[in-house]
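The values are calculated or read from the model by the stated rules, or taken from the named source; none is laboratory data. Everything numeric in this text was worked out from a predicted model, so none of it was measured. Every residue, glycine as well, gets a Cβ built from its backbone with ideal geometry; the counts of neighbours run over all protein chains shown. Ligands, DNA and RNA are excluded from the accessible area calculation, which covers all protein heavy atoms including side chains. Shrake-Rupley method; radii C 1.70, N 1.55, O 1.52, S 1.80 Å.
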Amino acid sequence: MSPFVSHMEAALAEARAAAARGEVPVGAVIVSPQGRVVARAGNRTRELADPTAHAEILALRAACAAAGSERLPGHDLYVTLEPCPMCASAISQARIARLYYGAADPKSGGVAHGPRVFAHPQSHHVPEVYDGIAAAEAARLLAGFFAARR
């Protein structure tokens, strides 16, 4: 078994790029079972005028297109913020093996907060979940982004 390598720094880079575009700074990276980054994305809801263009959804779409499949068994998803209910459901549908996220989202989260999507019997697949990965940096990016807009 190969040693664990975190890819949260790559997700943070995507979050910083999203902030530079005027988007809420959330970034996501999908890693193959072989440890290769197969997709990366940051929020693009404003740019694309698409409420579903969250970092996780865009990364899932790209990874699925690259794999030629709607499912990504064995893949890991790194995201800087706790996924919302929509993204958590998509993560389950894609059969992501492990979810690593940074900052908690008590207001809009769907994993540890709110509806806790993976706890529902309708959730056909539940990934392993690891939270708090680089949470301070992810929270700092979000706080700085929103403070600049107040």
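Of the residues making up region 58-68, those that are surrounded by fewer than 24 Cβ atoms within 10 Å (Cβ to Cβ) and not basic (Lys, Arg) are 58, 62, 64, 65, 66, 67, 68. Residue under question is residue 71, and the condition is that it be part of a helix (DSSP H, G or I) and open to solvent by 50 Å² or more (accessible area, probe 1.4 Å); does it hold? The answer is no for residue 71.
Among the residues of region 11-41, those that are closer than 13 Å to residue 138 by Cβ and small (Gly, Ala, Ser) comprise 11, 13, 15, 18, 19, 27, 28. Could you give me the residue pairs with C-beta distances under 7 Å whose first residue belongs to region 127-150 and is part of a helix (DSSP H, G or I), whose second residue is open to solvent by 80 Å² or more (accessible area, probe 1.4 Å) wherever it lies, and which are 6+ apart or on separate chains? Pairs found: 141/16. When residues in region 1-43 are screened for being within 18 Å of residue 146 (Cβ to Cβ) and more than 11 Å from the chain's Cα centre (by Cα), 10 of them pass. State yes or no: is residue 94 among the small types (Gly, Ala, Ser) and under 20 Å from residue 61 (Cα atoms)? It is true that residue 94 is among the small types (Gly, Ala, Ser) and under 20 Å from residue 61 (Cα atoms). Among the residues of region 14-49, count how many are open to solvent by less than 40 Å² (accessible area, probe 1.4 Å), free of Cβ contacts under 8 Å to residues at least 40 places away in the same chain and in a loop (DSSP other than H, G, I, E, B). Counting residues in region 14-49 that are open to solvent by less than 40 Å² (accessible area, probe 1.4 Å), free of Cβ contacts under 8 Å to residues at least 40 places away in the same chain and in a loop (DSSP other than H, G, I, E, B) gives 3.
For region 88-103, a residue qualifies if it is open to solvent by less than 40 Å² (accessible area, probe 1.4 Å) and closer than 24 Å to residue 34 by Cα, and the qualifying residues are 88, 90, 91, 92, 94, 96, 97, 99, 100, 101, 102. Being of a type outside the set (A, V, I, L, M), more than 16 Å from residue 6 (Cβ to Cβ), assigned to a loop (DSSP other than H, G, I, E, B) and open to solvent by less than 30 Å² (accessible area, probe 1.4 Å) holds for only one residue in 83, 106, 115, and it is 83.
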